[in-house]
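I have placed the structure first, in the form of structure tokens, so that the comments after it can refer back to it.
The values are calculated or read from the model by the stated rules, or taken from the named source; none is laboratory data. Note that this is a predicted model, so its numbers are computed, not measured. No Cβ is skipped: glycine too gets one built from the backbone with ideal geometry, and neighbour counts run over all protein chains shown.
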Amino acid sequence: MLNIILFDSDSRDNFLPLTATRPMGELRLGILTLREKWERLLDGSVSYITQEYLQGKFPIDIEDENLIINAGVLPNARLCARIKQLKLNEALLYKGELLAARLNETRFESLIDDEEVSELRGTEIDSGITLTFLNHLWELSRLNEMALLEDFELLTGGRKSHQMSSSNQVIGPANKVFLEEGVKMEACTLNTTGGPIYIGAKTEVMEGSKLRGPIAIGEGCIVKMGAKIYGPSTFGPGCRIGGEIARSIMIGNSNKAHDGYLGDSVIGEWCNLGADSNNSNLKNNYSEVKLWNYQSQSFEKTGEQFVGLFMGDHSKCAINTMFNTGTVVGVCANIFGAGFARNFIPDFSWGGPGANYRTYKYSDACETATLVMARRNQAFTDFDKAILYHIYDQTASFRSWEK
């Protein structure tokens, strides 16, 4: 099995707040995370070169021979075949920048120390190999359809779906519905004319739900009665899903279980959207949407007309919360109040429109995270605490009320 080490690309900061709590390889796009894609396509095991404060939870595993790969590029079959051809201590470049390399332990440690590829035998990648780079936060929802279709073929090729109950209705090709073992689903409508529908193991889709592909629902999810889900949409493991959702991604273990609309959005882990919460994904004047960028500390043009909500891990909103078009919510925010929330809500914020913002105390946030994760039989570890403290400390300048 190949030892793969993914390194965060220069675009890592453009994916904050989602990458505040994880390396880029743990972002979910399509059915799988980037890490899971590389592991399947290269038949290997992934570890990370990432931010120092994340390295405790996501350590590097260095072996005698290692494949070093830029986590900011999406894997595909031709790219992986070319990477497998790399000889020891040879690098694959794109416009002079490191794309991948096969290194022994000594050369790897030298690369880490010097951050140089000039001494490696570098070869520019073949022009015929298609490369898709992740550069901006809003690209996750835009690229999700392509990734979902590729992952569906990767996961289901040569396999047979578990049997679906006859109480369900399929509109379109029935072979584009794939159920893993233990799926419970009765009296639902599944439309595959626009793309496939993948449902992970031990997931329950309650009666009356309407799914229009392409859609991926991960392991151990619950789709509530009468949910209306439009593709391309992805839900990682452990999510609670309800209401109306379109063209969105939930990385995992988050709740949008009640009525309300979520569109063109990406939600991190351990988030909760209160009942009847809604987000706008289109401005009233149909103009280009701007989105907050942590790196530039400003709102930047997206070139997109449909952009929704981007929410970092452990953030929550109360019932009837309204999010404006192109809103970024940081890590560990707690949002409530009447009216539209601001377009950028800093990490560790507590409050909302009609209520003065204050700082969500670090200790209180950790206490809540411990309780939330315990409900899914997961531990809030010392590594998690250290990560949240780093974010709490480094984002203080965005909480203007502290000044």
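Does S47 fit the bill of being among the small types (G, A, S) and either surrounded by fewer than 19 Cβ atoms within 10 Å (Cβ to Cβ) or closer than 29 Å to V329 by Cβ (or both)? No, not satisfied. Would you mind stating whether G326 is at pLDDT 95 or above, surrounded by fewer than 16 Cβ atoms within 10 Å (Cβ to Cβ), out of contact with any Pro (no Cβ under 9 Å at 6 or more places or on another chain) and within 26 Å of N279 (Cα to Cα)? Against the criterion (at pLDDT 95 or above, surrounded by fewer than 16 Cβ atoms within 10 Å (Cβ to Cβ), out of contact with any Pro (no Cβ under 9 Å at 6 or more places or on another chain) and within 26 Å of N279 (Cα to Cα)), G326 does not qualify. Exactly one residue out of H136, H162 is assigned to a loop (DSSP other than H, G, I, E, B), touching a strand residue (DSSP E or B) at 6+ places or on another chain (Cβ under 6 Å), at pLDDT 95 or above and not assigned by TED's automatic domain parsing to the domain that holds N76, and it is H162. Scanning the stretch 50-72 for residues that are in contact (Cβ under 8 Å) with a residue 60 or more places away in the chain and either buried (at least 22 other Cβ atoms within 10 Å of the Cβ) or touching a Leu at 6+ places or on another chain (Cβ under 6 Å) (or both) yields N66, L67, I68, I69, N70, A71, G72. When E204, E153 are checked against the criterion of being touching a Cys at 6+ places or on another chain (Cβ under 8 Å) and surrounded by fewer than 18 Cβ atoms within 10 Å (Cβ to Cβ), E204 stands alone in meeting it. Scan the stretch 222-243 for residues that are assigned to a loop (DSSP other than H, G, I, E, B), among the hydrophobic types (A, V, I, L, M, F, W, C) and buried (at least 24 other Cβ atoms within 10 Å of the Cβ) and the total you get is 1.
Here N343 meets the list (1) within 25 Å of G220 (Cβ to Cβ); (2) in contact with a Ser or Thr (Cβ under 7 Å, 6 or more places away or on another chain) almost entirely, failing just condition (1).
None of L148, L93, L131, L140 is aliphatic (A, V, I, L, M), under 29 Å from E63 (Cβ atoms) and surrounded by 15 or more Cβ atoms within 10 Å (Cβ to Cβ) except L93. Among residues of the stretch 77-96 that are touching a residue at least 24 places away in the same chain (Cβ under 8 Å) and in the same structural domain as D43 (by TED's automatic domain parsing), those with a beta-carbon under 6 Å from a residue that is buried (at least 16 other Cβ atoms within 10 Å of the Cβ) and in a helix (DSSP H, G or I) at least six positions away or on a different chain give the pairs C80/L41; C80/L42; N89/R107. Scanning the stretch 339-377 for residues that are part of a helix (DSSP H, G or I), surrounded by fewer than 18 Cβ atoms within 10 Å (Cβ to Cβ), in contact (Cβ under 8 Å) with a residue 12 or more places away in the chain and touching a strand residue (DSSP E or B) at 6+ places or on another chain (Cβ under 9 Å) turns up just one, T368. Of everything listed in (1) exposed (fewer than 13 other Cβ atoms within 10 Å of the Cβ); (2) in contact (Cβ under 8 Å) with a residue 60 or more places away in the chain; (3) of a type in the set (A, V, I, L, M, F, W, C), the single unmet condition for A174 is (2).
Scanning the stretch 382-401 for residues being surrounded by 12 or more Cβ atoms within 10 Å (Cβ to Cβ) and either over 14 Å from Y53 (Cβ atoms) or aromatic (F, W, Y) (or both) gives a total of 6. Checked against (1) of a type in the set (A, V, I, L, M); (2) over 22 Å from the mean Cα position of the chain (by Cα); (3) under 26 Å from R376 (Cα atoms), A227 passes all but a single condition, namely (2). Based on what the data block shows, is D384 closer than 28 Å to P237 by Cα and not in a loop (DSSP other than H, G, I, E, B)? It is true that D384 is closer than 28 Å to P237 by Cα and not in a loop (DSSP other than H, G, I, E, B). Condition check for A77 on (1) of a type in the set (A, V, I, L, M, F, W, C); (2) exposed (fewer than 15 other Cβ atoms within 10 Å of the Cβ); (3) farther than 18 Å from D126 by Cα: one failure, at (3). Taking E207, is it assigned to a loop (DSSP other than H, G, I, E, B), at pLDDT 95 or above and under 17 Å from G238 (Cα atoms)? So E207 does not fit the description; no.
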